[in-house]
Each structure stands twice: as structure tokens, then as C-alpha cells.
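Everything on this sheet refers to the single structure shown next.
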Amino acid sequence: MKARKLLAVLLTMLLIVSLVGCGSTGGNNNSTNPSSGTNTNPSNPAADNGSNTGESQNIMFVSIVTGGVAWGSAQKGFEDALSELGWTGQYVSPTKANDTAGVIDLLDTAVTNKADGIITVILNPDQATDVLSKARAANIPVVTCNTFTTEELQDCWIGTDPTNMGITQAETVLNLLKSEKYSSFDHVTACYIQTTLQTQTQNQQYKAFCERIKQEYPNATLIQEECNSDAAIAADKLAALLKSYPDLNVVVSQDGYGCPGIANYIESENLQDKLIKIGIDDSPEILDYVSQGVLDCTIAQDFYKMGYQSVYYIKDIKDGKKLPFDNDSGTIVITPDKVQEHLDLLKSRGLY
Amino acid sequence: MGENTKTNDSILKKILSKNEIGTLFPLVFLCVVVTIINPNFMTFSNIMDVFRTASYYLIVGAPLTLLLIAADMDLSIGAVTALGGVCCMFAMRAGVPMVPSILIGLAAGALIGIFKAWIIVDCELPALIVTLGIQYAVNGIVSITTRGLSVSGATKAFKVLGQGRIFGRIYLTVIIALIIAIIYQLILSKTKYGRSLFAVGGNPETARLAGIPVKKRRKEIHVIVSVFAALTGILMASRFSSAQTNAGAGTELTVMAAAIIGGTSLFGGSGSVIGSILGCVLLAVISNGLVLIKVDSFWQNLIFGIILLISVAIDKYRQKLSNAA
């Protein structure tokens, strides 16, 4: 009984400390009760936002995960744009990463609380039909990041065009095959290790990758695998694939968490010259593997731009401007000689 | 004739009474099938890859077997794994030498274990919900402190733990896991302490009346599981030269599945670490073997699930035969 009383006191104290800690990460504008998130209340709210609305707007960014290389950058871009415009906003995500139902619940909260604009990530378009229809009815502009639904349900989207990404990955492989280092490679046996096999955009990327590779190497063997964002699984899968396909000579990583596992396995087994290795994203760890030559290059998606530009798209929509539905945020191929330049870019954006 | 039948029944009963047999059959069968389709499976380097995968499950799986035998459970293993690695790497990045950094990681696990044990045992709250709550809280701590980014800065000496090989071929983690498993099996089968865990899991009231400190045993084993979960995280950080914030995600269910497949009862009172070793190896063989026999990725999860169900069914059938014999 005494222990339970002590537990109650302890947990109450912990809750208070957590709430204080949570509040200190952002401003005091909190119109919703998100599962996890960060408030953004710029220091210069009076700044001229140049919008026809003439007043500060409250924007909700309902994401699939908080933090990490990719979405941490998107959050920073979102916050920087809000700060520039003198707007307020909140970045939220479900407590479990990639919880699509959790995203819908948070979107419902945003619509109910009459957010002035919504930026979101929709992994499953069918699930979002109802809530996005409600947002439409409430006249709330909706911009999606790196995913999209239909023009009836949202205004526009910005992200890595899946087809362009797949083609970029394929062309990077094809260019490396022409290089002196890999001139002895006369065939393509490639594995493509992505997050999950259910990720729609990654499947589109893989399809585009296969089509482009098959144009040059019709007999290429292409293998699709998943790593569930786990470095250990990615490394184990690569190890098994090398036994299963002894002529494997290309590995393409399509998951930022799995990529270090792949790079680590390549380094520990001294496979640098036996494989063409294409990484993904631009965490310091992955950039380090590129600069050391463990990975030939990494292809970074511009998540900062996705978060940043989305806010300006909301502003444009509110100003009555007509935007194209598809907006490619582009990709950056980072080779060892471009690592420092890219790190400087990330530092200038306040990342890392 | 009658005597012969009796002797045969007795041998059969002896064989079938071993919990591990239920895992051994599917394991051997799977190894044979995969080897026939792809002989590369039986190469030394591939076997080492399989053992390496299994070793990470086993390091926490061995103490978890003891916890399950004591009729407890722990869903916070994955989160504590991530915490152990992150704490160790933060310390190392701050310039703390390797050994104290490892101890900091282990201490983080121990602290969580003590807190968990206190809530479950002293406050008498259900382990399922408490460990689930701790899983969320610890994941939250990891996310807040790392902002979701991996923590790098491993020293060369530290990398040896997760990447090093003995005689240039056998991964150090495999040896570490084996030593841990052997120690736990010996504790379980040869010591009074081990026998007391069976009693605690079988019937806690009888155990208490027999003079076994039930609460103390349960607390000790909860702390030990958390410490070894943190150790797994530290070894993973060493393997990848950085602590991944999602390291160990979902491990708890995989490891529990391995122990149960290996014959440990989810309701306590029976089980063995040898069974858990076989369970861990079986899971590693399935994931490795499916890739080696070139099963389409879209079919792998389905086949993985079916093989697990077959293993459990075989074990149930074995128990039935054992009782009948």
C-alpha cells in the first residue's frame, strides 16, 4: 500500500516534469492535444507575412514520425518558414512511427480545432478520404509531403517524385558501371532494400528503377527486399543475398535506418570493390560512409525543402494563387567529393 | 515382446519428454531443405551469419527464459536495448573511456530494471501493462535525447565487441551469447536458485511457504533482464559503430517467441535455456533460409508465420505423445 502511494506521488512528479519539459521546447500556442509534437511560436510574430490574409496563421503539420534525419529536417524547414512569415504552428505525429490511423486521428483534431492550414503525410490515401473531405468542407488548405492523394481531396503536394527517384538511382548505378573502378562488371544483379514492401511510393521507385536498368541490361537480375527500418535486418538480408546470389554486384538502399547496417556490413566484409553501393539520405553517419568510400554515393531527398516550401504553398493558396498539384522537391546525389559541400548546406540550415 | 515394447515406450518417453525436441525437429528439417535447395546455406560463413543474428536474440533471450519460467514477462526489452546503446554512445562521445561507458549503458538498464521490478513486485501492478508503459516512456527518453538521430562516435576498441572475430572467423558476439546461455542454463538446472525460479513460476504460494523469497527472486530477474537488454543495445551499437534509436524495436516479441518455441511455458514453471538457444537459431535460420532459397519477398512473412505455427503444433503433438508414452 505504501509502495503504491509512493508510486502515485512519483508518477505525478514525473508527469509534471515531462509537461514542463515539453512546454519548454516551443511556444505557448497549443490549440490541440497531440500525441507527440512541438509548438512553434516565432519570436517575431509581427513580421510582415505578405499574405492577403493580413494576420498570423496557425498551421498544423501532422507527420508520421517526430525527429530523425528525414522528418527532423522537414520539421526544421517548417519552423523556419513559419518564423519568416510570423505565423504560428505545431508539428505533431503519432506516438508510434508510421501509424497511419494515428495520423488520421491527429488530422481530425486539426480540422475540429480549425487549423488555418494543414501539412501532412498520407501513407494510405484510402484511410484519409473522410478527414480530407472534412478539411475541404471547412475550407482548410491541405498540402502533403512526400505522399499524395487526389486533387479532389487536397490542394497540392511536394516531395520526391517516386519515378524520378527510381530513375536517378538507376542512372547513378549505370554511370558507376561505366566508371573505371567498375569497368570489369559485365552484368547487373542488384538488390533494392527498402523500408517495407507495402510502401507505395517506394514500390513506384523500384518499378522505375527496374525499367531504367532493364533498358540497358535486359537480362539484369533485380531483387526487392525490406528491412523494416532496422540496420541489423538490412545487414543480415544483404549477407544472405550475397550467399544466394554470388554474382550480386549492386546494392541500393532505400531506407535511412537500414542504410548504416548495409554500409557497416560492406565495410566489415571488405566488399568496397565488389559492389556498387548506393545509399539514401544525408545523416552525418551516412555522409561519413560516403566520404570514406564505403558507399559510392548517397541520394538525399530534400526533406527540409518539403517542410519549408509547404508553408509557402499554404500562403500561396490563401493568397488565391493556383499551384500545380505535383511539386518535385528534387534529389541530390552526394559523391565523396561533394560531402563537405553538402555538410555546409546542412549547417547553414541549422541541421546537425 | 511385452518387455521390448515397454523399453521402447520408455526410450520414446525419455526423448519426447525433452522440451527442446519440439524445436529440434523443425530446425533440422529446415536446415536440410534449405541446404538441398542452396548448398551455400551450410558454408561456414553463412552459418556464422545465422549464429550472429541469433546471438543478439540470445543475449537477452537467456535471462528472459528465466523470467518466463518465473511466470513474469517484459515488453520493455526493445526500448531498454535502444537506451543502453544510446547511453553508452553518449558517454563515449563525451570522452568517457570505453569500459566506464559500457558500465553507464548497463547502469541505465539496471535503473530501468529496478524501477520496473519495484512497480511490478512491490506495487503489485500487472507486468504486461507496466512494461508496456515503460516501453513507451523509455522510447520517449531515447527520442527526446537523440532527436531521432543515431549516436555515433564509437572508438576502435569498442567496435571490436560487435565486429570482432576470434580466429578471424567466429564473431565475438556469438561467443558472448554462448557463454551467457551456458551460465544461465547451469544456473537453471544445477543450482538451488534455478530450482527456486521453477517453484516461483509453478506455484508462488507454495514457493513462499517453502521459504523461497518469491518477491526477491522476481525483482532480481526483472533487473537482470533489463541489464542484458542494455548489453544487447551496447553490442548493437558496437556492431554498427553507432547507437540506432530504433535498435531492438520489436525484439521483445521475437525473443519471447524464441523462448516459447523452445519449450518455455508462457504461464511459468517450465522451460530451458537450451530450448531458447534452439528457438533463437530457428528464427535466424528461417529469415536467412528464406532469402537463400530465393522466396519472393512478398511471400516471406507468410511462410515465416506458417513455419512458426508448425513448430508450435509439433511441440504440442510431442507433449501429447510424451504423455501417452
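The values are calculated or read from the model by the stated rules, or taken from the named source; none is laboratory data. Nothing here was measured: the structure is a model prediction, and the numbers come from that model. Backbone-built Cβ (ideal geometry, glycine too); neighbour counts: all protein chains shown.
Looking at A:172, A:221, A:199, can you tell me which residue is closer than 24 Å to residue A:336 by Cβ and not aromatic (Phe, Trp, Tyr)?
Numbers: A:221 fails: closer than 24 Å to residue A:336 by Cβ; A:199 fails: closer than 24 Å to residue A:336 by Cβ.
Criteria check complete, one pass: A:172.
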Inset, instruction - Please identify the pairs in which a residue from the range A:77-95 that is among the polar types (S, T, N, Q) has its Cβ atom under 8 Å from the Cβ atom of a residue that is crowded, with 24+ Cβ neighbours inside 10 Å and assigned to a helix (DSSP H, G or I), counting only partners at least 6 apart or on another chain. - result: A:88/A:82; A:93/A:71; A:93/A:103; A:93/A:106
Legend entry - Pairs, first at the interface with chain A (Cβ under 7 Å from one of its Cβ atoms) in the range B:37-48, second loosely packed, with under 15 Cβ neighbours inside 10 Å and in a loop (DSSP other than H, G, I, E, B), C-beta under 8 Å, six or more apart: B:38/B:294; B:40/A:246
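Return a yes/no flag: does the range A:96-119 have any residue that is within 14 Å of chain B (Cβ to nearest Cβ) and assigned to a helix (DSSP H, G or I). Give the derivation first.
Our first condition is that a residue be within 14 Å of chain B (Cβ to nearest Cβ); within the range A:96-119, this holds for A:96-99, A:102.
If we keep only those that are assigned to a helix (DSSP H, G or I) as well, we get A:102.
Yes.
Within the range A:222-236, take every residue that is assigned to a strand (DSSP E or B) and at the interface with another protein chain (Cβ under 10 Å from one of its Cβ atoms) and give me the one that is surrounded by the most Cβ atoms within 10 Å (Cβ to Cβ). So that I can check it myself, show each step before the final result.
Of the residues in the range A:222-236, the ones assigned to a strand (DSSP E or B) are A:222-226.
Next cut, at the interface with another protein chain (Cβ under 10 Å from one of its Cβ atoms) only: A:223-226.
Numbers: A:223: 20, A:224: 20, A:225: 21, A:226: 25.
Only one residue fits best here, namely A:226.
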Legend entry - Test: residue in the range A:273-285 that is closer than 23 Å to residue A:65 by Cβ, within 8 Å of chain B (Cβ to nearest Cβ) and not in a helix (DSSP H, G or I): yes
Inset, instruction - State the number of residues belonging to the range A:182-221 that are closer than 14 Å to residue A:275 by Cα and either touching an Asp or Glu at 6+ places or on another chain (Cβ under 6 Å) or surrounded by 16 or more Cβ atoms within 10 Å (Cβ to Cβ) (or both). - result: 7
Legend entry - Single residue of the range A:237-248 satisfying the filter (in contact (Cβ under 8 Å) with a residue 12 or more places away in the chain and at the interface with another protein chain (Cβ under 7 Å from one of its Cβ atoms)) that is surrounded by the fewest Cβ atoms within 10 Å (Cβ to Cβ): A:241
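With respect to residue B:315, is the statement that it is at pLDDT below 90, acidic (Asp, Glu) and surrounded by fewer than 15 Cβ atoms within 10 Å (Cβ to Cβ) true?
Working: at pLDDT below 90: yes; acidic (Asp, Glu): yes; surrounded by fewer than 15 Cβ atoms within 10 Å (Cβ to Cβ): no.
In short, no.
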Legend entry - Residue list for the range B:105-159, restricted to those being touching a residue at least 60 places away in the same chain (Cβ under 8 Å), more than 8 Å from every other protein chain (Cβ to nearest Cβ) and among the charged types (D, E, K, R): B:116, B:159
Inset, instruction - Give the residues of the range A:81-95 that are away from every other protein chain (no Cβ under 14 Å) and surrounded by fewer than 18 Cβ atoms within 10 Å (Cβ to Cβ), sorted by residue number. - result: A:84
Inset, instruction - Mind telling me which of the residues B:189, B:226, B:196, B:238 ends up being assigned to a helix (DSSP H, G or I), among the hydroxyl-bearing types (Ser, Thr, Tyr) and within 14 Å of chain A (Cβ to nearest Cβ)? - result: B:238
Inset, instruction - Taking only the range B:138-187 into account, find how many residues are of a type in the set (A, V, I, L, M, F, W, C), buried (at least 17 other Cβ atoms within 10 Å of the Cβ) and over 19 Å from residue B:236 (Cβ atoms). - result: 1
Legend entry - Of the criteria (1) crowded, with 19+ Cβ neighbours inside 10 Å; (2) over 30 Å from residue A:292 (Cα atoms), which one residue B:247 fails: (2)
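Name the helices (runs of 4 or more DSSP H) wholly inside the range B:9-110 in which the number of residues that are within 27 Å of residue B:183 (Cβ to Cβ), at pLDDT 95 or above and within 21 Å of the chain's Cα centre (by Cα) is 2 or more. Let's see the steps before the verdict.
Numbers: elements: B:21-37, B:44-69, B:77-93.
It comes to B:44-69, B:77-93.
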